[in-house]
1. For B:MET119, which of the numbered conditions (1) within 14 Å of chain A (Cβ to nearest Cβ); (2) outside any helix (DSSP H, G or I) fails to hold?
2. Those residues that are among the β-branched types (Val, Ile, Thr), surrounded by fewer than 19 Cβ atoms within 10 Å (Cβ to Cβ) and in contact with a helix residue (DSSP H, G or I) (Cβ under 7 Å, 6 or more places away or on another chain), I need them from segment B:302-331; list them, please.
3. Could you tell me whether B:MET229 is within 11 Å of chain A (Cβ to nearest Cβ), in contact with a Gly (Cβ under 9 Å, 6 or more places away or on another chain) and assigned to a helix (DSSP H, G or I)?
4. Hand me the list of helices (runs of 4 or more DSSP H) wholly inside segment B:292-394 holding 1 or more residues that are under 27 Å from B:ASP248 (Cβ atoms) and not acidic (Asp, Glu).
5. Among the numbered criteria (1) in a helix (DSSP H, G or I); (2) at pLDDT below 95, which one does B:ASP37 miss?
6. Filter segment B:173-183 down to residues that are within 16 Å of the chain's Cα centre (by Cα) and more than 8 Å from every other protein chain (Cβ to nearest Cβ) and give me whichever is nearest to B:LEU223 (Cα to Cα).
7. B:PHE214 versus (1) modelled with pLDDT of 95 or more; (2) part of a loop (DSSP other than H, G, I, E, B): which is the lone unmet condition?
8. For segment B:277-296, which positions are in contact with a Leu (Cβ under 9 Å, 6 or more places away or on another chain) and of a type in the set (Val, Ile, Thr)?
Amino acid sequence: MNDTKRKQRGAMITAAIVAAVALAIFSMTLILSGK
Amino acid sequence: MATTTTEIEADIHAHDDHHHGPEPGLMRWVKTTNHKDIGYLYLWFAFSMLLIGGAMAMVIRLELLMPGLQFVEPQFFNQMTTMHGLIMVFGAIMPAFVGLANIMIPPMIGGPDMALPRMNNWSFWILPFAGAMLLSTMFMEGGGPAFGWTFYAPLSTTFAPDSTDYFIFAIHMLGFSSIMGAINIIATVMNLRASGMKLMDMPLFVWTWFITAFLLIAAMPVLAGAVTMMLTDRNFGTSFFDAAGGGDPVMFQHIFWFFGHPEVYIMILPAFGIVSQIIPTFARKPLFGYSSMVYATASIAILSFVVWAHHMFLTGMPIAGQMYFMYATILISVPTGVKVFNWVTTMWKGSMSFEIPMMWAVAFVILFTIGGLSGLMLGIVPADIQYHDTYFVVAHFHYVLVTGALFSIIAGVFYWLPKWCGNMFNEKLATIHFWWAVISVNVLFFPMHFLGLAGMPRRIPDYSLQFADFNLIASIGGFAFGLSFILLAYIVVDCIRNGKPVKEARVWESAKGLEWTLPTPAPYHTFTEEPPRELILKESSHTAH
């Protein structure tokens, strides 16, 4: 794997993790507000 | 790791692609994945929204020119204050900062572009549709949102017009765009930074935006949650915020401000970054206390999540809660004070010169500090009980957001514009514009302190006679400040079309940073090869000039 591809894959993984965190915070807001 | 011939060829072709220019015609802007193109789109969109939101502010100031109802109906006045706030926050200030981030972060970190260029295009192109949808509510039956930019329930649920559902959708789209922008910035800084650049080598603008992106990721989904619950309360029979169904309207305020207070810092941390780039350039000294600036930014970001209820002292709260939120709020003045101290100390005994970006940066430091100090006053519980919902609050947040955030954006545009377009702006006109704007903005907002202390409530179209003089002064300042943006537009367009060409890569002689090693005007594609560590260290803004 060359450097460009390694960076692209790293960026995709970072983006996926951050997006998952955002989705989790959205879900938690709804869940905790419904308690 | 082994590299195949195909991969090498792909790399060569990719390298060749870097020499391609933009697609001709209008489709360049629709299809672009180039970070600078998208950044420019963000900036022009933000400026358009600034003019629309500004026009609404003119309506507000026209109505408040004299006591009594003169020009508009109270319901329309409420729509104006609501839409003005929403458009300025979500349509003008935030997109302008994202635009600056798009244009400047890749060259500052030695990267080729943003990490996720296609998503970047999507992030931008959501905005005009969301903005249009938000504006369209004003033409619907029952009018647009009139419940204030904070859209407290039950005003925004039980008692709101039908158009509120379009408002909710627009906020969802704006939030989605912001979250995608933040994801892109985090991925770019973490993965596309030149390998020779360590985190503590990054310019302050990159640092402040990196931290802001985390704030966006943590805060915007909470806003999305709040408007989703509004939607279900309005249309699907839930009772999140309806006391009659077992819900709690005060909970809306907690959720809103859990988003809303970090949002304040989302709109000011990048401003700190811009000013931290400009002041060392024109003081001809390295930035004083670089690492303390980074830690102060991170401290402010963390504290911003634990102070939200200072907006709610009058909702009824245990005394222990009031004490906690008061002290936590006042604690933020420590890292903010560190920043102001560092900017002043950077200027101290520097070889100062006052080019246009520096004038805006110095105005920022002075006027933002006024806004910060009135914020401290508002954080004190017994004082806030008096100031709450008065014009003192309006004065406070306009000093922070206009002479703070907006001034830093103008400073940044003047600082980087010659690098972007390869032309210098008309400095004489820009000087006139600076003094015009700085004087008029103070005529506009400073009397609001006195109005608030005298008890004039905010969000009202009429007022008692004793408030007439200061309102007249504020309105005159408001019209003058509004007009100054026409001159700003002329200066920028004139610079792009007819400005004196700039040849030097380093447009400002003492500017430091990788972005100033690129040719002027900045090439369509940024760093196609990684800059070496020696260059990164040489261009670091916090090492000696």
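The values are calculated or read from the model by the stated rules, or taken from the named source; none is laboratory data. The model shown is predicted, which means the values in this text are computed figures rather than measured ones. No Cβ is skipped: glycine too gets one built from the backbone with ideal geometry, and neighbour counts run over all protein chains shown.
1. (2)
2. Residues satisfying the conditions are B:VAL306, B:THR315, B:ILE330.
3. yes
4. Per the criteria, B:319-331, B:356-379, B:381-387.
5. Of (1) in a helix (DSSP H, G or I); (2) at pLDDT below 95, only one is false for B:ASP37: (2).
6. Out of the qualifying residues, it is B:GLY175.
7. (2)
8. B:ILE279, B:VAL294
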